[in-house]
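Below: one structure, written as structure tokens.
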Amino acid sequence: MKSLAITGSFREANVEALAVVVFKGEQATSGGLAELDSVTGGLLSSIIGSEEFKGESGETVLVRFAPTGKIRASRLLLIGGGEKSGFQAHHVEIAAGTALRAFSKQKIKSLALSPRTSLDAAAVAQAAIQGAICSTFELDKYKSADRSKQTVTTFGVHVEGAKPADLKKGLTRGEIIGDSMNFTRDLANEPPNVLTPTEMANRAAAMAKETGLKCEILDEAKMIKMGMGSLMSVSIGSEQPAKMIVMRYTPAKNSGAKGEMLALVGKGITFDTGGISLKPGEGMDAMKYDMSGGATVIGTMRAIAMLKPTVPVLGIVAAVENMPDGKASRPSDVVTAMNGKTIEILNTDAEGRLILADAVAYAEKQGATRIVDMATLTGAVIVALGDQNTGIMGNDQGLVDEIIECGKENGEGFWQLPVSKEYSKQIKSDIADIKNIGPRGKAGTIMGAVFIQEFVDKAKWAHLDIAGTAWADAAKPHAAKGPTGVAIRSLISLVERSQ
Ligand code: BES
Ligand code: MN
Ligand code: ZN
């Protein structure tokens, strides 16, 4: 998509359609609106404050008007911004996405958005283009006909009086992040017969080659040699060999604290049947997105490689398929993880924690001092938090708080659950060090976290359970239903904060 930085008069923007944010309580005479009102023959004054439109967030009105010669566009979308004082950059993303999707239905090719906020111009431009790009994602990749036609090819952001260079800087960043989110969403949406662990590794390697990241793919022989018996116990029932994807970003100049390294670790279960503890058939199709944590790591690493922060980042994805067959693990099997701990597998459907055990231990062995793992780990987190908040747990309150903060900046909710010693006792096994499930029906999300915690040694660690937030069951005005790309923006903020 072509982006435009518009710093002059909004009405002169060379586009077919304009979108403008109007806040609660504003009049058509408010700053920036009066001119639009006059060149459209009083359209704004007839709409603003009417029953239809009060500037509440979520409200939109789209109007078409006869050309007056004083304005190039012939369509206008009013977008409610809610209270002006609470309006943040992430609201600009939603406004931009809403505008693009609304005009796309009208076969418009070019549009411009005026968010009318005094927030930092670069941040506004970044948010706008991010929202625009994300709004173009559709689930129609495999449709041979009836593909939704994305018509908008030019998207402008208007910040009156801003320095064009500031807007351009924001646009460049926003393009990188928006494209990276769609990259992740495309991976998450791939059917499991296409996106096998091998294919996931190939896609990561191709991305790494394009963006200049180092990428190493560990095969099963290597993982067995390293003692990853926990991860291998999940892969053993599948015809598809597991892959450990290791992506490394090394800055030209490291400005971070000496010896510090952040690792992002993702659950990449390309399909989760449950294994011998087989899942019921109904709804099993959703388990193609059980690799969303891994896809999030790959997309975030793509953005990092292009944004070039001055701190190193390690990205690790355990890509594995969980299938039942004659070689598959049985409930009651005992396996040994890379860090020497023995695990009694009591449910082969609690497989995410089994692969993450070896993945986080590997991350620390590679020198990670801070580890953030992300996974569609438990159905219980959906019961607890629904689709509005990602569950967050960790062994270091500072790291957890920082991620929650980054979430607030980016309009992403992270809600903390406790991981105290009492919970850890509940995964003690009768015959091995630990078992992979806790007591039935109790604190399922926490049980997953305290299990993974057993494989972290000295590193600061946080665990994100994205089972409820990685997939949207319904479309929104600014985004299609399906994979959301959750956590990518917040993780980029986390990396950039440590520079
Ligand atoms: N991938 C699932 C978790 C999941 C469920 C993600 C629904 C998205 C939607 C995970 O591997 C799983 O099966 N977890 C079990 C754990 C249980 C056996 C302790 C669960 O949540 O039921
Ligand atoms: Mn499972
Ligand atoms: Zn799973």
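Rundown of residues vs (1) assigned by TED's automatic domain parsing to the domain that holds ALA208; (2) among the β-branched types (Val, Ile, Thr); (3) within 16 Å of ligand 3 (Cβ to nearest atom), yes/no style:
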position: GLY315; (1), (2), (3): yes, no, no
position: ASP333; (1), (2), (3): yes, no, no
position: ASP349; (1), (2), (3): yes, no, yes
position: GLN366; (1), (2), (3): yes, no, no
position: THR369; (1), (2), (3): yes, yes, no
* Residue selected from region 340-368 under the condition within 12 Å of ligand 2 (Cβ to nearest atom) and among the acidic types (Asp, Glu), by the criterion farthest from GLY315 (Cα to Cα) -> ASP349
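Looking for whichever is open to solvent by less than 40 Å² (accessible area, probe 1.4 Å), within 16 Å of ligand 3 (Cβ to nearest atom) and among the small types (Gly, Ala, Ser) here; the options are SER329, SER424. Which one fits? Before you say what the answer is, go through the steps one by one.
Working: SER424 fails: within 16 Å of ligand 3 (Cβ to nearest atom).
The match here is SER329.
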* What number of residues within region 370-384 are among the hydrophobic types (A, V, I, L, M, F, W, C), within 16 Å of ligand 2 (Cβ to nearest atom) and open to solvent by 10 Å² or more (accessible area, probe 1.4 Å)? -> 4
* To do: Please go through region 390-399 and pick out each residue that is assigned to a helix (DSSP H, G or I) and either on the phi > 0 side of the Ramachandran plot or surrounded by 20 or more Cβ atoms within 10 Å (Cβ to Cβ) (or both).
  => LEU399
* Asked: If you check SER332 against the conditions, is it within 15 Å of ligand 2 (Cβ to nearest atom) and either closer than 18 Å to ILE466 by Cα or out of contact with any Gly (no Cβ under 7 Å at 6 or more places or on another chain) (or both)?
  -> no
* Structure fact -> Within region 241-295, the residues that are among the hydroxyl-bearing types (Ser, Thr, Tyr) and either within 14 Å of ligand 3 (Cβ to nearest atom) or not assigned by TED's automatic domain parsing to the domain that holds ILE488 (or both) are THR270, THR273, SER277, TYR289, SER292
* Asked: Of the residues that sit in region 279-316 and are buried (at least 20 other Cβ atoms within 10 Å of the Cβ) and closer than 30 Å to SER332 by Cβ, which one is farthest from ligand 2 (Cβ to nearest atom)?
  -> ILE316
* Structure fact -> Counting only helices (runs of 4 or more DSSP H) entirely within region 157-225, those with at least 1 residues that are under 16 Å from GLN130 (Cα atoms) and among the aromatic types (Phe, Trp, Tyr) are 164-189
* Please tell me if ILE276 is open to solvent by 50 Å² or more (accessible area, probe 1.4 Å) and either outside any helix (DSSP H, G or I) or free of Cβ contacts under 8 Å to residues at least 40 places away in the same chain (or both). => yes
* Tell me, please, whether a residue that is in contact with a strand residue (DSSP E or B) (Cβ under 7 Å, 6 or more places away or on another chain), without any contact (Cβ under 8 Å) to a residue 40 or more places away in the chain, open to solvent by 10 Å² or more (accessible area, probe 1.4 Å) and among the polar types (S, T, N, Q) can be found in region 349-369. => no
* Residue, surrounded by the most Cβ atoms within 10 Å (Cβ to Cβ), within region 49-75, restricted to residues that are out of contact with any Leu (no Cβ under 7 Å at 6 or more places or on another chain) and among the β-branched types (Val, Ile, Thr) -> ILE71
* To do: Could you run through region 332-346 and say how many residues are under 18 Å from LEU278 (Cβ atoms) and surrounded by fewer than 16 Cβ atoms within 10 Å (Cβ to Cβ)?
  => 1
* To do: Give region 430-455 a look and list any residue that's in contact (Cβ under 8 Å) with a residue 40 or more places away in the chain, open to solvent by 20 Å² or more (accessible area, probe 1.4 Å) and not acidic (Asp, Glu), or say none.
  => ILE431, LYS435, ILE437, ALA443, GLY444, GLN453
* To do: Could you check, for region 72-86, whether at least one of its residues is touching a Cys at 6+ places or on another chain (Cβ under 7 Å) and assigned by TED's automatic domain parsing to the domain that holds ALA127?
  => no
* Of the residues that sit in region 456-466 and are aliphatic (A, V, I, L, M) and open to solvent by less than 10 Å² (accessible area, probe 1.4 Å), which one is farthest from ligand 1 (Cβ to nearest atom)? -> ALA459
* Any chance ILE452 is in contact with a Ser or Thr (Cβ under 8 Å, 6 or more places away or on another chain) and either away from ligand 1 (no atom under 12 Å from the Cβ) or within 17 Å of MET393 (Cα to Cα) (or both) -> no
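Checking the conditions here, which among SER104, SER135, SER114 is open to solvent by less than 40 Å² (accessible area, probe 1.4 Å) and at pLDDT below 95?
Of the residues listed, the single one that is open to solvent by less than 40 Å² (accessible area, probe 1.4 Å) and at pLDDT below 95 is SER104.
The values are calculated or read from the model by the stated rules, or taken from the named source; none is laboratory data. Quick caveat, the model's predicted, so the values are computed rather than measured. Virtual Cβ from ideal backbone geometry, glycine too; neighbours counted across all protein chains shown. Keep in mind that these areas ignore ligands, DNA and RNA; they rest on the heavy atoms of the full protein, side chains included. Shrake-Rupley method; radii C 1.70, N 1.55, O 1.52, S 1.80 Å.
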